[in-house]
Amino acid sequence: MANTIQAIRGMHDVLPEQTPLWQYAETIIRQVLASYGYSEIRLPIVEKTELFKRSIGEVTDIVEKEMYTFDDRNGDSLTLRPEGTAGCLRACLEHSLLNGTVHRLWYSGPMYRHERPQKGRYRQFIQLGVETYGMAAPDIDAELIILMDRLWKRLGIRDKVHLQLNSLGTIEERIVYREALVAYFQQHLDVLDEDSQRRLYTNPLRILDTKNPTMQAVVANAPELMAYLGDDSRQHFDAITRILAELDIPYSINTRLVRGLDYYSKTVFEWVTTELGSQGTVCAGGRYDSLIEQLGGKPNFAVGFAMGMERLLALMENLPDLPLSKPVDAYMVRVGGEAERVGLRFAEALRTALPNLRLQMNADGGSFKSQFKKADKSGADYAVIIGDDEASRGEVSLKALRNEQGQQTLPQAQAIEFLKHYLLAR
Ligand code: ATP
Ligand code: MG
């Protein structure tokens, strides 16, 4: 190993034995999103650094210390996207998609943050992002939560996640609250750690987010933003909780939930789990109407969320009996000069007749014995065998590799029928 090149710390390969679980989750995610009428959008991984500074905010963890930023050869400052919301909105503004139309969009792909790698926290990680534009009323905020509730159920992990909700109010309401919060923390300066003392004047709401145990008591007694909400924000929040109650979706109100990014207003929510240590947030989002103007658009409405795929998969890892697809259904064994030729043609005929059949054909020759070994290792349920006898009679032998059905020799057309029924039952 001494001389081989390793991957970058915090950036992981997904190996073939892991991809079936990813594909299973991705298929269900696509189905659920489609069932609510969401469309996929595909976005670049690199954007101008300015986009993230202007949207995420200069005094956030991401922009202050987590971005992969570099100069392009012509001197432009570019950044590997740390999240997808900014790029998605940039694309919609650039292509004038927001003029008087509503959108329900999703994307999925790698994000990059220079964080300290640990379980559930990586430097390259995959997010599913869901964004909606053009809708002001609380029913769309609720729809995103309802959609996720369905997704957790479909994935079999509903009992592992819990919804936390809060409202951040409007920018005006937050300014008043911020003053009260700063005044409160100023009375407890001695308890604030260095990070929080710095945030006191740049981004005091983030102090509520602290994981420092010695500050918990002070944070717990801090004024609550809920008490500073105006009628409109309050009604918006109450409407969401009413819709969730209507569908029996449980939630807790967490008045300390402020989210790391600057662009939220009114609704914020997180789906949290106790199963992943301190990386307990699997999915997080909220309303961010003001970001649209901040990025140069006309006043409009936006709500969205992002889910970390690695954290999702960690929750699914030990689920029993998942119908994960395996790469091979049938393995063709062919021994003999004529058999190789006939086998080649029959393999193609099988793929034409049964496009869903995953058929691996032996390559590199070998005896029956060594080819059967490879058939077994491939994970196939059936060996499709062609020796010179079968070849000369237009027949094939099918041997069950995973049960006691044994072996049968059939005309080619019947073998196709047999495998067709096998696929239907699979
Ligand atoms: P955290 O509090 O865990 O740092 P965050 O508030 O930075 O999360 P968001 O920016 O809201 O997270 O991203 C949404 C989701 O993306 C998170 O809930 C998590 O599942 C996932 N995520 C964020 N950062 C990472 C990371 N470094 N590695 C793996 N997943 C991540
Ligand atoms: Mg973070």
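Of all residues in the stretch 344-389, count the ones that are acidic (Asp, Glu), under 18 Å from Leu419 (Cα atoms) and touching a residue at least 24 places away in the same chain (Cβ under 8 Å).
2
Go through the residues of the stretch 258-269 one by one and say whether even a single one is touching a Phe, Trp or Tyr at 6+ places or on another chain (Cβ under 6 Å), hydroxyl-bearing (Ser, Thr, Tyr) and either at pLDDT 95 or above or within 16 Å of ligand 2 (Cβ to nearest atom) (or both).
Taking the stretch 258-269 and keeping what is touching a Phe, Trp or Tyr at 6+ places or on another chain (Cβ under 6 Å), we get 263-264.
Next, only the ones that are hydroxyl-bearing (Ser, Thr, Tyr) stay: 263-264.
Adding the requirement that they be either at pLDDT 95 or above or within 16 Å of ligand 2 (Cβ to nearest atom) (or both) leaves 263-264.
For the stretch 258-269, residues touching a Phe, Trp or Tyr at 6+ places or on another chain (Cβ under 6 Å), hydroxyl-bearing (Ser, Thr, Tyr) and either at pLDDT 95 or above or within 16 Å of ligand 2 (Cβ to nearest atom) (or both): present.
Please enumerate the residues belonging to the stretch 295-308 that are of a type in the set (Phe, Trp, Tyr) and part of a loop (DSSP other than H, G, I, E, B). First the steps, then the outcome.
First, the residues of the stretch 295-308 that are of a type in the set (Phe, Trp, Tyr): 301, 305.
Hit for the stretch 295-308 is Phe301, nothing else.
Filter the stretch 49-76 down to residues that are within 16 Å of ligand 1 (Cβ to nearest atom) and touching a strand residue (DSSP E or B) at 6+ places or on another chain (Cβ under 7 Å) and give me whichever is nearest to Ser196 (Cα to Cα).
The residue in question is Met67.
Between Glu275, Glu246, Glu270, Glu224, which is among the acidic types (Asp, Glu) and within 25 Å of Gly84 (Cα to Cα)? Before you say what the answer is, go through the steps one by one.
Values: Glu275 fails: within 25 Å of Gly84 (Cα to Cα); Glu246 fails: within 25 Å of Gly84 (Cα to Cα); Glu224 fails: within 25 Å of Gly84 (Cα to Cα).
Being among the acidic types (Asp, Glu) and within 25 Å of Gly84 (Cα to Cα) holds for just one of Glu275, Glu246, Glu270, Glu224, which is Glu270.
Identify all residues within the stretch 90-119 that are in contact with a helix residue (DSSP H, G or I) (Cβ under 9 Å, 6 or more places away or on another chain) and within 16 Å of ligand 1 (Cβ to nearest atom); write none if there are none.
Passing the criteria: Trp106, Tyr107, Ser108, Tyr112, Arg113, His114, Glu115, Lys119.
Condition first: over 27 Å from Asn99 (Cβ atoms), touching a residue at least 40 places away in the same chain (Cβ under 8 Å) and open to solvent by 50 Å² or more (accessible area, probe 1.4 Å). Now tell me which residues in the stretch 125-171 satisfy that.
Across the stretch 125-171, the qualifying residues are Arg150, Arg154, His162.
Taking the condition of being open to solvent by 80 Å² or more (accessible area, probe 1.4 Å) and in a loop (DSSP other than H, G, I, E, B), how many residues in the stretch 309-364 meet it?
Final tally of qualifying residues: 9.
Going residue by residue through the stretch 45-52, is there one that turns out to be within 15 Å of ligand 2 (Cβ to nearest atom) and either within 30 Å of Thr273 (Cα to Cα) or hydroxyl-bearing (Ser, Thr, Tyr) (or both)? It would help to see each step written out before you state the result.
Our first condition is that a residue be within 15 Å of ligand 2 (Cβ to nearest atom); within the stretch 45-52, this holds for 52.
This time we only want the ones that are either within 30 Å of Thr273 (Cα to Cα) or hydroxyl-bearing (Ser, Thr, Tyr) (or both), so: 52.
Looking for residues that are within 15 Å of ligand 2 (Cβ to nearest atom) and either within 30 Å of Thr273 (Cα to Cα) or hydroxyl-bearing (Ser, Thr, Tyr) (or both), one finds at least one in the stretch 45-52, hence yes.
Would you kindly identify the strands (runs of 3 or more DSSP E) lying entirely within the stretch 1-82 that contain at least 2 residues that are crowded, with 17+ Cβ neighbours inside 10 Å? Spell out how you get there, then give the answer.
On the way: elements: 46-48, 68-71, 77-80.
Passing ranges, in order: 77-80.
Can you pull out every residue in the stretch 101-117 that is outside any strand (DSSP E or B) and within 16 Å of ligand 2 (Cβ to nearest atom)? Show your work before the answer.
Residues of the stretch 101-117 that are outside any strand (DSSP E or B), as a first pass: 101-102, 113-117.
Correct list: Arg113, His114, Glu115, Arg116, Pro117.
Which residues, taken from the stretch 172-196, are of a type in the set (S, T, N, Q) and surrounded by 13 or more Cβ atoms within 10 Å (Cβ to Cβ)? I'd like the intermediate steps shown before the answer.
Start the filter on the stretch 172-196 by keeping residues that are of a type in the set (S, T, N, Q), which leaves 186-187, 196.
If the condition is that a residue be of a type in the set (S, T, N, Q) and surrounded by 13 or more Cβ atoms within 10 Å (Cβ to Cβ), then Ser196 is the only one that fits.
Go through the stretch 94-118 and give me each residue that's over 16 Å from the mean Cα position of the chain (by Cα), of a type outside the set (A, V, I, L, M, F, W, C) and either farther than 20 Å from Gly286 by Cβ or open to solvent by 50 Å² or more (accessible area, probe 1.4 Å) (or both). It would help to see each step written out before you state the result.
Let us first name the residues in the stretch 94-118 that are over 16 Å from the mean Cα position of the chain (by Cα), namely 94-104, 114-118.
From what's left, of a type outside the set (A, V, I, L, M, F, W, C): 94-96, 99-101, 103-104, 114-118.
If the condition is that a residue be over 16 Å from the mean Cα position of the chain (by Cα), of a type outside the set (A, V, I, L, M, F, W, C) and either farther than 20 Å from Gly286 by Cβ or open to solvent by 50 Å² or more (accessible area, probe 1.4 Å) (or both), then Glu94, His95, Ser96, Asn99, Gly100, Thr101, Arg104, His114, Glu115, Arg116, Pro117, Gln118 are the ones that fit.
Filter the stretch 43-76 down to residues that are under 22 Å from Thr202 (Cβ atoms) and not aromatic (Phe, Trp, Tyr), then give me how many there are.
Keep residues of the stretch 43-76 that are under 22 Å from Thr202 (Cβ atoms), which gives 49-67, 69.
Pick out the ones that are also not aromatic (Phe, Trp, Tyr) and you get 49-51, 53-67, 69.
Summing the residues that are under 22 Å from Thr202 (Cβ atoms) and not aromatic (Phe, Trp, Tyr) in the stretch 43-76 gives 19.
Please count how many residues of the stretch 275-292 are surrounded by fewer than 19 Cβ atoms within 10 Å (Cβ to Cβ) and either free of Cβ contacts under 8 Å to residues at least 12 places away in the same chain or assigned to a strand (DSSP E or B) (or both). Don't jump to the end; show me each part of the working.
The first filter runs over the stretch 275-292 and keeps only residues surrounded by fewer than 19 Cβ atoms within 10 Å (Cβ to Cβ), leaving 275, 277-280, 290.
Within this subset, residues satisfying the condition of being either free of Cβ contacts under 8 Å to residues at least 12 places away in the same chain or assigned to a strand (DSSP E or B) (or both) are 280.
Going through the stretch 275-292 one residue at a time, the tally reaches 1.
The values are calculated or read from the model by the stated rules, or taken from the named source; none is laboratory data. These figures come from a predicted structure and were not determined experimentally. Here the Cβ is made from the backbone with ideal geometry for all residues, glycine too, and neighbour counts use every protein chain on show. What goes into the accessible areas is simple: the full protein's heavy atoms, side chains included, and nothing from ligands, DNA or RNA. Shrake-Rupley method; radii C 1.70, N 1.55, O 1.52, S 1.80 Å.
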